[in-house]
Amino acid sequence: MHKPRMQLLASFDIASLQYLDERGQTTQALPDFATPDTLEALYRQMTLARMVDDRAVKMQRTGQLGTYPSSLGQEAIGVGVAAAMAKEDVYCPNYRETGALLERGVRIEEIYTIWGGDERGQNFCHVREDLPLSVPIATQMLHGAGVAFALKYKHEQLSQPMRAAVTSGGDGATSKGDFYEAINLAGDWKLPLVVVINNNQWAISLSRSGQTACRTLAQKAIAAGIPSLQVDGNDVIAVYQAVTEALQQAHAGGGPSLIEAVSYRLCDHTTADDASRYQPAEELKEAWAREPLRRLRAYLETLGAWGEAREEAMQRELKEILEESVRVYRQAPRDTATAIFDHLYETLPEAFVEQYQQLQGDS
Amino acid sequence: MAQITLVEAVTQALAFEMQRDPKVVVFGEDVGLNGGVFRATDGLQARFGRERVLDTPLAENMIGGMAIGMAAQGLRPVAEFQFMGFIYPALDQILSHAGRYRNRTRGRLSCPIVYRAPYGGGIHAPEHHSESTEALFAHIPGLRLVVPSSPARAYGLLLAAIRDPDPVMFLEPKRIYRAVRQEVVDSGEALPLDRAFVLREGRDITLVAWGASLKEALQVAEQLSREGIEVEVIDLATLKPLDIHTIIDSLEKTHRCVLIHEAARFCGVGAEVASQINEYAFDLLLAPVQRVTGFDTVMPYFQLEDAYLPGVPRIMTAVREVLEYANGGVA
């Protein structure tokens, strides 16, 4: 059969970045930021995130918290992303983001308040511009694009300093239209947006391979005309470095990029899930060998700066912080019932006052 | 002073507010260079630039969602959906986020967005271009729902919607986009977002409608006045929050009421109005409230749309029935 001659119009590569392998050995020279002090701070935050998650699951099991989505095993992504952001940048998170929230300055008790069934937790007292946790998958990525538009607009039209938006989602999110629409718009309008995909291999029970025929999730950015990269999501140095470069590009007016951080969900989807129904035990065991904390600790130990004594001191300090947050969370009085009307509109329209008064009388 | 149409009043309000407030940004499909398929944004890009009047990629869910991030950052996004029948991909964003952001964050962030869309039938358009599904949005907490029915009200209500600190669905009755011309003072004066308008006073029966259906309501009133029957006509205008007081005040005089809307009957906004009349003004009624609405069918292709829409004959029949209704036992 005659084969027509065709011209190659475009071709693409997907790069992958790693600095620290699963044994904590460097695979290449580390970037300048990776000083022992910085890495210890990142290790501390990742450890705190794991403790906050662990305590949340325990509180859920004992009736002190509602359904909770742990980020066990993915601490390097959240912490690395948020640590690379400037305070003035705006974070537009999904719901599985304990490490990132803590690093951004959201209080532990605020995270517990959200999952304890109380909107007041989303009123982040120290982080006023970051978007609230978003539950419907990938929807927050469009908010991220909108925030990025606003930041660019305020820079260009209203002479404010250039800032960037960072949004995150899981591997499942990359199957949704919201994801494609957000990266397509960001590319088209050159928005200062960084999209981080936490590829933890599972969207509840559907594995990464069931989500798409794409070999990587990073390559989906090619369709939007934006640069992308895959990083070892269990290597906080790689995550931090990739996000730092992406933000530099965004701040300089160079537009959006996408980072696929490859990790593994070492926990159930949420406390309402039982991953043993679908996660192969052998795969889980192998994934534990690649988890992010141990490799970073191993590296710090090779520097001679870290050891059992410092580990124990840090654990004690973090436990105190955690206990105090749990205490604050537990002692908070329940919100008044009429609060459900108080922020429905800026000013409650007269048409709803009767319902408000009825609820007031009932409670 | 120039006489302008409803769609020109929309443009005039957008221009006034863009001039006044640099945070107002207009975007949607074909709203820039082309000025919108109905020309509602005609000339705005030339006047305010491509940075403030933007043609978006073709994705309605994206339009709905990006507005939320823009609003959370303090901009005043005015998003156009090209037709009401194309809003549905964005329902998730509107329902799950726009109407909830203020409450979810306990007031930390809010969504001062205007989602504009032409709506309603009667212009012989293809399928999906003639929808009246306002009740879907009336059911969403945290939203306002506004339907203008004249150039002056389109101008004043749209200004109010853009300035409002919460999300507003602003549905423009495209059948009457160019039906009448009216003098509209470009004063920047907004109308309240929680008041119905009495368009014609009468003592015998109250007709409540919104959008393009008011055209038929007023025709019926005019015809009946020749028989000595005086019909009061109310433009509900702000469907949510709903101004039941203006309707009750009217019923104090007329004691009889017919509700008219193009949308399907079942769970239409008319059902809510009837229910509230029942709750607050049952004793005033001399006859059951009647509804003249679209049928509980799919909006037909345009060959049959006149059969679907509540026209003058159906309204007239309902009005006469309500006027002639006599409760057997009561004098």
Can you find a residue that is touching a Ser or Thr at 6+ places or on another chain (Cβ under 8 Å) and not hydroxyl-bearing (S, T, Y) anywhere in region B:125-142? no
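Return a yes/no flag: does region A:194-202 have any residue that is part of a helix (DSSP H, G or I) and either more than 19 Å from the chain's Cα centre (by Cα) or in contact (Cβ under 8 Å) with a residue 40 or more places away in the chain (or both). Spell out the reasoning first.
Of all residues in region A:194-202, those part of a helix (DSSP H, G or I) come to none.
No: region A:194-202 contains no residue that is part of a helix (DSSP H, G or I) and either more than 19 Å from the chain's Cα centre (by Cα) or in contact (Cβ under 8 Å) with a residue 40 or more places away in the chain (or both).
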Please determine whether any residue of region A:338-353 is surrounded by 12 or more Cβ atoms within 10 Å (Cβ to Cβ), free of Cβ contacts under 8 Å to residues at least 12 places away in the same chain and aromatic (F, W, Y). yes
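Kindly establish whether A:V166 is within 19 Å of A:E97 (Cα to Cα), touching a residue at least 40 places away in the same chain (Cβ under 8 Å) and part of a loop (DSSP other than H, G, I, E, B).
Spelling it out, it is not the case that A:V166 is within 19 Å of A:E97 (Cα to Cα), touching a residue at least 40 places away in the same chain (Cβ under 8 Å) and part of a loop (DSSP other than H, G, I, E, B).
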(Q) Please determine whether any residue of region A:162-169 is more than 8 Å from chain B (Cβ to nearest Cβ), of a type in the set (D, E, K, R) and either surrounded by fewer than 19 Cβ atoms within 10 Å (Cβ to Cβ) or under 19 Å from the mean Cα position of the chain (by Cα) (or both). (A) yes
So, first residue assigned by TED's automatic domain parsing to the domain that holds B:R178 in region B:123-134, second residue modelled with pLDDT under 95 and outside any loop (DSSP other than H, G, I, E, B), Cβ within less than 6 Å, six or more apart or across chains; the pairs are none
Looking at region B:149-169, is at least one residue outside the structural domain of B:V258 (by TED's automatic domain parsing) and under 26 Å from B:A307 (Cα atoms)?
-> yes
When region A:202-225 is checked residue by residue, the ones that are small (G, A, S), farther than 19 Å from A:Q279 by Cβ and surrounded by 15 or more Cβ atoms within 10 Å (Cβ to Cβ) are A:A218, A:A221, A:A224
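Kindly indicate whether B:R203 is among the basic types (K, R), under 29 Å from B:C111 (Cα atoms) and assigned to a loop (DSSP other than H, G, I, E, B).
no
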Within region B:106-121, restricting to residues that are among the hydroxyl-bearing types (S, T, Y) and buried (at least 23 other Cβ atoms within 10 Å of the Cβ), the one that is nearest to the other protein chains (Cβ to nearest Cβ) is B:Y115
Subset of region A:132-151, residues more than 7 Å from chain B (Cβ to nearest Cβ), in contact with a His (Cβ under 9 Å, 6 or more places away or on another chain) and in a helix (DSSP H, G or I), comes to A:Q140
- Message: Yes or no: region B:88-103 includes at least one residue that is crowded, with 21+ Cβ neighbours inside 10 Å, under 18 Å from the mean Cα position of the chain (by Cα) and either modelled with pLDDT under 95 or under 22 Å from B:H129 (Cα atoms) (or both).
- Response: yes
Only one of B:M62, B:M70, B:M84 is within 7 Å of chain A (Cβ to nearest Cβ), in contact with a Leu (Cβ under 9 Å, 6 or more places away or on another chain) and crowded, with 21+ Cβ neighbours inside 10 Å, namely B:M62
For this session: Report yes if some residue within region B:12-22 is assigned by TED's automatic domain parsing to the domain that holds B:S149 and part of a loop (DSSP other than H, G, I, E, B); otherwise report no.
Result: yes
For region A:222-251, the count of residues that are free of Cβ contacts under 8 Å to residues at least 60 places away in the same chain and within 18 Å of A:Y91 (Cα to Cα) equals 4
The helices (runs of 4 or more DSSP H) lying entirely within region A:255-363 that contain at least 2 residues which are more than 30 Å from A:K190 (Cβ to Cβ) and within 14 Å of chain B (Cβ to nearest Cβ) are A:339-342, A:353-362
If we ask which residues in region B:87-97 are more than 10 Å from chain A (Cβ to nearest Cβ) and either among the aromatic types (F, W, Y) or part of a helix (DSSP H, G or I) (or both), their number turns out to be 3
So, first residue on the phi > 0 side of the Ramachandran plot in region B:234-255, second residue buried (at least 24 other Cβ atoms within 10 Å of the Cβ) and of a type in the set (F, W, Y), Cβ within less than 9 Å, six or more apart or across chains; the pairs are B:A237/B:W210
Examine region B:133-140 for a residue that is within 13 Å of chain A (Cβ to nearest Cβ), of a type in the set (V, I, T) and surrounded by 20 or more Cβ atoms within 10 Å (Cβ to Cβ), and state whether such a residue exists. no
Tell me, yes or no, whether region A:55-76 has at least one residue that is within 14 Å of another protein chain (Cβ to nearest Cβ) and either crowded, with 19+ Cβ neighbours inside 10 Å or under 29 Å from A:S175 (Cβ atoms) (or both). no
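The values are calculated or read from the model by the stated rules, or taken from the named source; none is laboratory data. Since the structure is predicted, the reported quantities are computational estimates derived from the model, not experimental observations. Positions of Cβ are backbone-derived with ideal geometry, glycine not excepted, and every protein chain shown enters the neighbour counts.
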